[in-house]
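**Student:** Okay, here's the structure, questions in a sec.
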Amino acid sequence: MQIYTLYILNKSGGLVYHNDFQPGLLQLTTNESLVMASTIHSIHAISSKITPANAKTNDLYNNNKSGLRIIETENFQIYVYQTITGVKFIGFANDTNLAEMEVWFKKVYLCYSDYVMKNPFQQLDMPIKNDNFDRIVRQTV
Amino acid sequence: MSSSRLLVSGVGYDPAVGPQSTGPQVQQLATSTSSLKRQFSASGGAHSSIFDKNLHRAKHDISLSSLCYLFGEIVSWCDSKSRGVQQLESRLNNLGYSIGIKYLELTSLRENFASGNISSSSKSHATKREVRILEILQFINSSVWKGLFGKMADKLEKSQDLANQYMITDNLPLISKYISVPKEFQHLNCAAFVAGIVEGILDSAYFQANVSAHSFPEPGLPLKTVFVINFDDKVIKRESMRFER
């Protein structure tokens, strides 16, 4: 499993966190990564909307069972994980599978709820600038 | 209402009347307190509160998450009320101070209970009060820290430059574990709250001191915090008069 990058999107699709875990990655400009984030957010919303009615489960509508989960390219995959409150974690990775990534996303979610949500200086839906969180997320990779 | 008026007139010398006989009033007071007692026990049975629990319980664990959320709210409340980092820090310090002056009492009670000193009333004179600087600091370093955070503080040092300065080091302060201070609050350390607790404890033990918290991040220990304790000169003077010949 090789994880390149983590994005965190707030519930309205804005990019609030961006961290690269591998050295020497080709970089998107800030604008491009914002576009990337909001595009994935929109596709997730649309794909969950066109899910056939009979395929829907009784779960809450904003869980990740009816939306986008993987985008594949030749050399890497983009995985999407949505929490119950609509926060999205997006992982760019290679040599892995959905189950493995779900485990990692849950770890990141745990760190997020500890180090971001319990920080009194963090404002909801605002960009995350947090050294503790940076450090702890890096440890999960 | 009537009992409180009785209390007021029952004590002290009234210049308008002269010396009073306290005989009957004492009796009235006694009956009023006993009725008060009844009220307490009646309300206590309805729903149990913190006062119904045993003071000497060995485990008093609480959830770290709820503590951190509560403390986070305290910090942001103090932040909204204050202008600037210094004011925020002194607000946190004051809140801790009010805990510290009570906590000394509680922790020494528990400490002595654990070592069996209060278990029988005849032995209660064996309860100990620290009178030397180093002893009270060691008491804070071990007993107080264990009671508050479930572990001992990591280091207790004396300053080499100043005679009245001591330092307690905590490598990972429990209360600010999840707090990441943004750049515009450069020198803020939310453990100022803990510094306030230490200051309250020292003040109520008659070691007047100023305590402040400072961050000293080290590789591997990013949240390392040093509590700098500056004793009043008179405390140092008293110590040297009593114990140095």
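**Student:** Using the Cα atoms of the stretch B:64-243 to build a convex hull, what is its mean projected area in square nanometres?
**Tutor:** 12.0
**Student:** Moving on to the next point. So how much slack lies between B:SER142 and B:LYS158, counting 0.36 nm per residue of separation and subtracting their Cα-Cα distance, in nm?
**Tutor:** 4.1 nm
**Student:** Taking the Cβ of B:LYS177 as the centre, find all other residues whose Cβ is under 14 Å away and add up their charges (Lys, Arg: +1; Asp, Glu: -1).
**Tutor:** Details: positive: A:LYS118, A:ARG135, B:LYS151, B:LYS224; negative: A:ASP114, A:ASP131, B:ASP170.
Spelling it out: positives minus negatives among the neighbours equals +1.
**Student:** What distance in nm separates the two pseudo spin-label positions at A:LEU98 and A:THR51, each 7 Å out from Cα along the beta-carbon direction?
**Tutor:** 1.1
**Student:** What does the average come to when, for each residue of peptide A:124-133, you count the partner chain Cβ atoms lying within 10 Å of its Cβ?
**Tutor:** Values: counts 0, 0, 0, 0, 1, 3, 5, 7, 8, 2.
Across A:124-133, the average partner-chain Cβ count within 10 Å equals 3.
**Student:** Under a plain spin-label model, where a point goes 7 Å from the Cα along Cα-to-Cβ, how far apart in nm are B:SER76 and B:ARG129?
**Tutor:** 4.3
**Student:** Can I ask one more? For every other residue with a beta carbon closer than 14 angstrom to the beta carbon of B:LYS158, add +1 if it is Lys or Arg and -1 if Asp or Glu, then tell me the sum.
**Tutor:** Residues close to B:LYS158 contribute a combined charge of -2.
**Student:** Around B:ALA195, with a cut-off of 11 angstrom between Cβ atoms, what is the net charge of the other residues, counting Lys and Arg +1 and Asp and Glu -1?
**Tutor:** Within the 11 Å Cβ shell, the charges total -3.
**Student:** With θ set to phi - 60°, apply the Karplus curve 6.51 cos²θ - 1.76 cosθ + 1.60 along the stretch A:110-127 and write out the HN-Hα couplings as whole Hz, x wherever there is a Gly or Pro.
**Tutor:** Each residue's phi maps through the Karplus curve to give 4, 4, 4, 6, 7, 8, 9, 6, 8, 8, x, 8, 8, 9, 4, 6, 9, x Hz.
**Student:** Take the cross-link list B:LYS59/B:LYS158; A:LYS49/A:LYS107; B:LYS158/B:LYS237; B:LYS53/B:LYS102; A:LYS129/B:LYS224; B:LYS53/B:LYS146 and give me the ones stretching past 22 Å between alpha-carbons.
**Tutor:** Check vs 22 Å cut-off fails for B:LYS59/B:LYS158; A:LYS49/A:LYS107.
**Student:** Residues of B:184-190, mean number of Cβ from any other protein chain within 10 Å of their own Cβ, rounded to a whole number?
**Tutor:** The shielding value for this peptide is 1.
**Student:** When you count, for each residue, the other Cβ atoms within 10 Å and take the mean per peptide, how do B:195-208, A:80-93, B:95-108 rank with the highest first?
**Tutor:** The most tightly packed comes first, giving B:195-208, A:80-93, B:95-108.
Read-outs throughout are calculated quantities, based only on the coordinates presented, and are distinct from any laboratory measurement. Just so you know, these numbers come straight off a predicted model, no measurement behind them. Positions of Cβ are backbone-derived with ideal geometry, glycine not excepted, and every protein chain shown enters the neighbour counts.
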